Amino acid sequence: MAYQYQPCFFLLLFLLFSVNASVLAFQQRPKISAVDLAALSAIKDSLTDIPGSRFFSTWDFTAPDPCSTFTGVTCGFNDRVTILSLGTGLSDSPGLAGSLSPALSNLTQLTQLILFPGLVTGPIPPQLGQLTSLRVISLTNNRLTGPVPPSFSTLPFLHTLDLSSNRLTGSIPPGLTKLPSLKIMVLSWNELTGELPRTVSAQLLHLDLKKNTISGPLPRLPSTVRYLSVSENWMWGPLKALESLSELVYLDVSMNQFSGPIPSSLFLNPSLTSLFLQRNNLSGGLPSSIKMDPTFQSYGGKGSIVDLSHNFITGDITPFLAGVETLFLNNNHLTGSVPEEYVKSVYDGTTKTLYLQHNYLSGFPLPQGSTLPDTVSLCLSYNCMVPPVGISACPASAGSQPSRPQSQCSVFTHRDSTN
């Protein structure tokens, strides 16, 4: 009787062995999609740690759970890579070198792609436009070249695009500024050319294009913009496009060739506390509360900064900007005496920096016996007056001459009064 149970016994042992082997094989299988694992391998092959960086030291492709052990890799519930951060961004890490692999496009569930500062070169793979779940693309402070891929214009959920501080060339793809979800676009410190797209329908909050060679006029922008910088480009034309931007907090259009008057609506926005319009060809007079809105008496406040220097602004200084903490009106064609509101603001510490040098001003009504606070910088040199004794907080660029030659003052004052 004992022998008839032996086949069943061996069958049971075989089944137990098979189950255990299957369980062991399942446990040893990497907890990540095979497609994503192959993509990560190709990505690693195209990049390398700069000496001093150890970012890839945890990328062991024999590890059972790359989603948990690979630095910079985050997976979703289905073991697909959803976030890839290449590099650490730490101050003591020099970053990565190499190039970006087109295999990135095989990470089809990716929502965020981040490349921290390093020495990565070559183009941005246009295949990234196939990753329709992408919400964030941040590839900053490297040496990427070539164009901004037009394929990015097909990413319906893209919220943030930051390609700043690279060597990108060409123009901005017109489709980018039409993306329905785009809120933040930072393309500053590149070598971009051409004009801005004429249609900007994306409800942008933050647009930074400074330090390129973009030309042409400023297009009409959505009223949602809160941060705008196009400084240090080759842009020209009037600033009418700024009139509808009622939500602005920060505006920098400096170092271009913009011309015409300054839109008065900018000064009716109390949230706009950083305003940089210097080094353009702007003309006309300073804002006046009487001409704009009698209920809005002054502009500025704690932490505010306005730079209108190095333009062609004419006429008298109005009291409207007396509440600004840091105010640069130097190197214009301003005339007349400085209003008492500015003098009071300087001496009570509300205004901490007031640069008026290189104008045609004729007076500064200094209260008798007043002493300038140590925290204040006031410069009045090279105007049509002798600066009060004891006021010498001028930058080196103001020069050493305290006043303009009388011949310049009489000629300009006469010309200004006849206009």
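What the table shows:
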read-out: Of the criteria (1) closer than 24 Å to Ser181 by Cβ; (2) in contact (Cβ under 8 Å) with a residue 12 or more places away in the chain; (3) open to solvent by 50 Å² or more (accessible area, probe 1.4 Å), which one Leu107 fails; value: (3)
read-out: The stretch 57-87 - residue that is surrounded by fewer than 18 Cβ atoms within 10 Å (Cβ to Cβ) and of a type in the set (Phe, Trp, Tyr) and, of those, farthest from the chain's Cα centre (by Cα); value: Phe61
read-out: The stretch 228-246, residues that are of a type outside the set (Asp, Glu) and over 16 Å from the mean Cα position of the chain (by Cα); value: Trp234, Met235, Trp236, Gly237, Pro238, Leu239, Lys240, Ala241, Leu242, Ser244, Leu245, Ser246
read-out: Qualifying residue in the stretch 339-353 (condition: within 20 Å of Pro405 (Cα to Cα) and within 33 Å of the chain's Cα centre (by Cα)); value: no
read-out: Yes/no for Gln368 being assigned to a loop (DSSP other than H, G, I, E, B), crowded, with 19+ Cβ neighbours inside 10 Å and over 30 Å from the mean Cα position of the chain (by Cα); value: no
read-out: Criterion: at pLDDT below 95 and surrounded by fewer than 18 Cβ atoms within 10 Å (Cβ to Cβ) - qualifying residue of Ala42, Ala38, Ala25; value: Ala25
read-out: Qualifying position, being in a loop (DSSP other than H, G, I, E, B) and modelled with pLDDT of 95 or more, among Phe152, Phe157; value: Phe157
read-out: Any chance Cys409 is surrounded by 11 or more Cβ atoms within 10 Å (Cβ to Cβ), touching a Ser or Thr at 6+ places or on another chain (Cβ under 9 Å), modelled with pLDDT of 80 or more and assigned to a loop (DSSP other than H, G, I, E, B); value: no
read-out: Residue match in the stretch 195-202 (condition: open to solvent by less than 10 Å² (accessible area, probe 1.4 Å), without any contact (Cβ under 8 Å) to a residue 60 or more places away in the chain and within 17 Å of the chain's Cα centre (by Cα)); value: yes
read-out: Output for the stretch 223-250, where each listed residue is over 19 Å from Met185 (Cβ atoms) and open to solvent by 40 Å² or more (accessible area, probe 1.4 Å); value: Trp234, Trp236, Pro238, Lys240, Glu243, Ser246
read-out: Qualifying residue in the stretch 158-165 (condition: open to solvent by 50 Å² or more (accessible area, probe 1.4 Å) and over 25 Å from Ser101 (Cα atoms)); value: no
read-out: Residue check for Val225: of a type in the set (Val, Ile, Thr), part of a loop (DSSP other than H, G, I, E, B) and over 16 Å from the mean Cα position of the chain (by Cα); value: no
read-out: Options Asp316, Asp307; residue that is over 28 Å from the mean Cα position of the chain (by Cα) and of a type in the set (Asp, Glu); value: Asp316
read-out: In the stretch 251-262, the residues that are buried (at least 18 other Cβ atoms within 10 Å of the Cβ) and either under 20 Å from Thr213 (Cα atoms) or not aliphatic (A, V, I, L, M) (or both); value: Leu251, Asp252, Val253, Ser254, Met255, Asn256, Phe258
read-out: Subset of the stretch 335-349 (residues that are more than 18 Å from Ser304 (Cβ to Cβ) and crowded, with 24+ Cβ neighbours inside 10 Å); value: Val338
read-out: Residue check for Leu131: at pLDDT 95 or above, in contact with a Leu (Cβ under 6 Å, 6 or more places away or on another chain) and of a type outside the set (Gly, Ala, Ser); value: yes
read-out: All positions within the stretch 120-143 that are buried (at least 22 other Cβ atoms within 10 Å of the Cβ) and in a strand (DSSP E or B); value: Val120, Ile137, Leu139
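To keep it simple, each residue is scored yes or no on (1) under 20 Å from Phe157 (Cα atoms); (2) touching a residue at least 40 places away in the same chain (Cβ under 8 Å).
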site: Thr58; (1), (2): no, no
site: Ser68; (1), (2): no, no
site: Thr71; (1), (2): no, no
site: Ser91; (1), (2): no, no
site: Leu100; (1), (2): no, yes
site: Ala103; (1), (2): no, yes
site: Leu115; (1), (2): yes, no
site: Gln127; (1), (2): yes, no
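The values are calculated or read from the model by the stated rules, or taken from the named source; none is laboratory data. Every value quoted in this text rests on a predicted model; they were computed, and no experiment measured them. Every residue, glycine as well, gets a Cβ built from its backbone with ideal geometry; the counts of neighbours run over all protein chains shown. For the accessible areas, the whole protein counts, side chains as well, though only heavy atoms, and no ligand, DNA or RNA atoms are used. Shrake-Rupley method; radii C 1.70, N 1.55, O 1.52, S 1.80 Å.
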